[in-house]
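Trainee: After the structure tokens below, expect a handful of questions from me.
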Amino acid sequence: MKISEIFEQNKTVFSFEVFPPKKTSSIDSIYSKLGALSECKPDFISVTYGAGGGGASVLTADICKAIQEQYNIPAMMHLTCVNSSKESVEEVLKLIEEYKIENILALRGDIVPDLPRQTDFMHANELVTYIKERGDFHVSGACYPEGHPESDNMVDDILNLKRKVEAGAEHLVSQLFFDNNMFYEFQEKARLAGINVPIEAGIMPVVNKAQIERMVTTCGASLPAKFVKMMNRFEHSPEALRDAGIAYAIDQVVDLMSQGVDGVHLYTMNQPEVAKKISDAVASLRCCQ
Ligand code: FAD
């Protein structure tokens, strides 16, 4: 099923993100988690993509195939282009078609100095155009409530986002944030700019200290005082920190759903127990639109 069809139903879309196991872990480690995640009945599950392409794309596609065939849940495959030629993207698209994956999150990917930069696709909008010309796929794009780290200002970032939508992105998934007001302000600006596709809010439950430290350095999301207090208060008690992180995420999701957001995309971090607690807490809210 195409994600655009899910948004046509009268409800708040609730979706998950998972990532392929690291090279040091067995592939079975993700398959054992998909079963537990599927019990939460997400509207779709997206699978991240290693920036280097190659074998990573096959792994991502294999997981998407399993999500669709074993659990009957639509999958969205992430696809980056920063290190890819048109030919290599074409190879991946053939595999996606063969696997009957209909939904692609078209991304530029982070620029990694150690990997050779390809120039066939300079930005995600060019990948969106290419995929839409190439086949009958539903294409989504990423958006940044606090602005993309490379952008000088929010105006330019939203104008660039509009190019992505005009190129054919039919749905946007946001970067994680901890302050819902950031998301509401961004959403309003996007609508004023004429971006009218559904925007899903990306929520990451923070359940351990290492995770928060990693996130602050990589995505630059601002941390509200309430969140910082919670982290400081419980940093020495893993169990309390985990419970507090889940409660914080539930609070964010309840507020987002009360405000009538198009959808919530939960970064599950491959932790079904955490996803289940959040999913159970908001289950009755999902169909109350
Ligand atoms: P773009 O939309 O190309 O934007 C990148 C920057 O360029 C922005 O500053 C933008 O304002 C600017 N820009 C965009 N278009 C133009 C243009 N036409 N001309 C000039 N400037 C322009 N990374 C992975 O490696 N694998 C993943 O699976 C993955 N999944 C993600 C999922 C989500 C929901 C999000 C939010 C991010 C994900 N990322 C992933 C990270 C993402 O690849 C990085 O944030 C990357 O730096 C930007 O990708 P993008 O598609 O948003 O790029």
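Trainee: Can you put Cys219, Cys287 in order, fewest other beta carbons within 10 Å first?
Mentor: Numbers: Cys219 16, Cys287 11.
Least to most surrounded, the residues fall as Cys287, Cys219.
Trainee: Please list, or write none, the lysines whose alpha carbon is within less than 25 Å of the alpha carbon of Lys189, excluding same-chain residues fewer than 8 places away.
Mentor: Hits, sequence-local ones excluded: Lys11, Lys162, Lys164.
Trainee: I'd like the distance between the alpha-carbon centres of the range 200-246 and the range 2-35, rounded to an integer number of Å.
Mentor: 22 Å
Trainee: Let me ask something else. Given 0.36 nm per residue, what is the gain on full extension from Ser25 to Lys226 after removing their alpha carbon distance, in nm? Don't jump to the answer; show the numbers that get you there.
Mentor: Details: separation 201, 0.36 × 201 = 72.36 nm, distance 3.56 nm.
The span from Ser25 to Lys226 would gain 68.8 nm if fully extended.
Trainee: Treat each spin label as a single point 7 Å out from the Cα along the C-beta direction, and report the Thr217 to Ala36 distance in nm.
Mentor: Each label point is offset 7 Å from its Cα along the Cβ direction, giving 2.8 nm.
Trainee: Moving on. Using 0.36 nm per residue, how much length does the chain from Asp262 to Glu5 gain when fully extended, once their Cα-Cα distance is taken away? Could you put the intermediate results ahead of the total?
Mentor: On the way: separation 257, 0.36 × 257 = 92.52 nm, distance 1.31 nm.
My answer for the length gained is 91.2 nm.
Trainee: How big is the charge dipole of the range 3-287 about its Cα centre, in debye rounded to the nearest 20, if each Lys and Arg gets +1 on its Cβ and each Asp and Glu gets -1 on its Cβ?
Mentor: Once rounded to the nearest 20, the dipole reads 520 debye.
Trainee: Give the calculated FRET efficiency between Glu188 and Cys287 to the nearest 0.05, with a Förster radius of 30 Å applied to their Cβ-Cβ distance.
Mentor: So the FRET efficiency works out to roughly 0.70.
Trainee: With an 8 Å Cα cut-off and a minimum separation of 6 or more residues, compute the relative contact order for the chain in percent. Show your work: numbers first, answer last.
Mentor: Details: 493 pairs, mean separation 61.4, N = 289.
Averaging sequence separation for qualifying contacts and normalising by length gives 21 percent for the chain.
Trainee: Which shape class applies to the chain: rounded if a/c is under 1.5, otherwise prolate when a/b exceeds b/c and oblate if not, where a ≥ b ≥ c are the square roots of the Cα gyration tensor eigenvalues? Don't skip to the answer; put the middle values down first.
Mentor: Details: a/c = 1.36, a/b = 1.23, b/c = 1.10.
Taking the square roots of the gyration eigenvalues as a ≥ b ≥ c, the chain is rounded.
Trainee: Of the options Thr60, Gln271, Val13, report the single residue whose Cα projects farthest towards the positive end of the charge dipole of the chain (beta-carbon charges: Lys, Arg +1; Asp, Glu -1).
Mentor: Looking along the dipole axis, the top candidate is Gln271.
Trainee: Need the list of lysines near Lys229 for cross-linking: C-alpha distance under 28 angstrom, and skip anything on the same chain fewer than eight residues off.
Mentor: Answer for Lys229, where 28 Å is the Cα cut-off: Lys209, Lys276, Lys277, listed by chain and number.
Trainee: If you don't mind, there's one more thing I want to ask. Report, in listed order, any pair from Lys22/Lys132; Lys2/Lys94; Lys2/Lys65; Lys86/Lys132; Lys94/Lys132 with a Cα-Cα distance greater than 20 Å.
Mentor: Values: Lys22/Lys132 31 Å; Lys2/Lys94 18 Å; Lys2/Lys65 14 Å; Lys86/Lys132 14 Å; Lys94/Lys132 14 Å.
Too far apart for the 20 Å limit: Lys22/Lys132.
Just so you know, all these numbers are worked out from the coordinates, no wet-lab data involved. Values in this document were obtained by computation on a predicted structure and should not be read as measured data. When we count neighbours, we look across all protein chains shown, and the Cβ atoms used for this are built from the backbone with ideal geometry, even at glycine.
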